[in-house]
Amino acid sequence: MPFWLMKSEPDVFSIADLQRKRREAWDGVRNYQARNYMRQMAVGDEVLFYHSSCAQPGVVGIARISRTAFPDPTQFDPGSEYFDPGSKPEDPRWSAVEVEFLASFPEVIALDALKSMPGLAEMPLVKRGNRLSVMPVEPEQFAIITAMARTRTKR
DNA sequence: GCCAACGTTGGC
DNA sequence: GCCAACGTTGGC
């Protein structure tokens with residue numbers, strides 16, 4: 001089962017928001033590489049939920065894909081900040097998926113901690129200058145991060 | 001708020 | 001198709 005990591009600014013949409021709403025469309029992605037990854041997602045894929053552009057950036061929980069890629073409605077909405085006048089309804093440029101809440105970690109797995117793990121060195125997330133907001137995660141990497149979350153819970 | 005890194009745009 | 005200018009991301 002494939003695994004992914006998706007970034008969200010908690011001021012805009014946090015893991016607590018997802019927990020409360022249970023399911024939410026993941027829209028507004030306007031990067032082709034990220035979009036292409038979203039189009040590869042399958043129902044049941046697990047997602048590391050990452051908080052970015054905040055006081056403590058890091059992985060904060062787990063979500064699950066509950067609907068595969070569909071045309072992102074915000075691209076056709078002139079009132080949306082994600083409106084894309086170049087995208088045509090007959091040939092939508094941008095995709096969204098739907099995610100479902102699975103778990104919220106009791107503590108943030110901080111970016112610092114992720115950077116210090118040798119097994120995570122190949123993740124785009126920890127590489128300098130990388131800004132990708134949706135990325136695949138190797139099963140081994142997913143296991144390391146969820147184990148970090150469990151270790152923290154026990155202390 | 002700063003700024004490095006990177007993606008996109010648009011003139012040529 | 002090149003590439004400079006510009007905009008955005010995201011950690012700090």
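The values are calculated or read from the model by the stated rules, or taken from the named source; none is laboratory data. Given the structure is predicted, the values throughout are model-derived calculations rather than measurements. So basically every Cβ, Gly included, is an ideal-geometry build from the backbone, and we count neighbours across all protein chains shown. Just so you know, the surface numbers come from the protein's heavy atoms only, side chains and all, with ligands and any DNA or RNA stripped out. Shrake-Rupley method; radii C 1.70, N 1.55, O 1.52, S 1.80 Å.
Let's see how each residue does on (1) closer than 14 Å to A:Pro57 by Cβ; (2) within 15 Å of DNA strand B (Cβ to nearest atom); (3) of a type in the set (Gly, Ala, Ser); (4) not in a helix (DSSP H, G or I):
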| residue | (1), (2), (3), (4) |
| --- | --- |
| A:Glu122 | no, yes, no, yes |
| A:Leu125 | yes, yes, no, no |
| A:Pro136 | no, no, no, yes |
| A:Thr146 | no, no, no, no |
| said: Being within 16 Å of DNA strand B (Cβ to nearest atom) and closer than 19 Å to A:Gln141 by Cα narrows it down to one residue among A:Tyr37, A:Tyr32, A:Tyr50, A:Tyr82; which is it? | reply: A:Tyr37
| said: Considering only the range A:54-75, I want to know if a residue exists there that is without any contact (Cβ under 8 Å) to a residue 40 or more places away in the chain, within 16 Å of DNA strand B (Cβ to nearest atom) and in contact with a Ser or Thr (Cβ under 7 Å, 6 or more places away or on another chain). | reply: yes
| request: Return a yes/no flag: does the range A:48-57 have any residue that is more than 15 Å from the chain's Cα centre (by Cα), modelled with pLDDT under 95, surrounded by 21 or more Cβ atoms within 10 Å (Cβ to Cβ) and not aromatic (Phe, Trp, Tyr). | output: no
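Take A:Arg93 and decide whether it is surrounded by fewer than 16 Cβ atoms within 10 Å (Cβ to Cβ), away from DNA strand C (no atom under 14 Å from the Cβ) and not in a helix (DSSP H, G or I).
yes
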| Where a residue in the range A:19-46 is open to solvent by 40 Å² or more (accessible area, probe 1.4 Å) and its partner, wherever it lies, is within 14 Å of DNA strand B (Cβ to nearest atom) and assigned to a loop (DSSP other than H, G, I, E, B), with Cβ under 7 Å and at least six apart | A:Asp27/A:Tyr82; A:Arg30/A:Tyr82; A:Arg30/A:Trp94; A:Asn31/A:Ser133; A:Gln33/A:Leu132
| the range A:109-121, residues that are farther than 13 Å from A:Ile144 by Cα and open to solvent by 40 Å² or more (accessible area, probe 1.4 Å) | A:Asp112
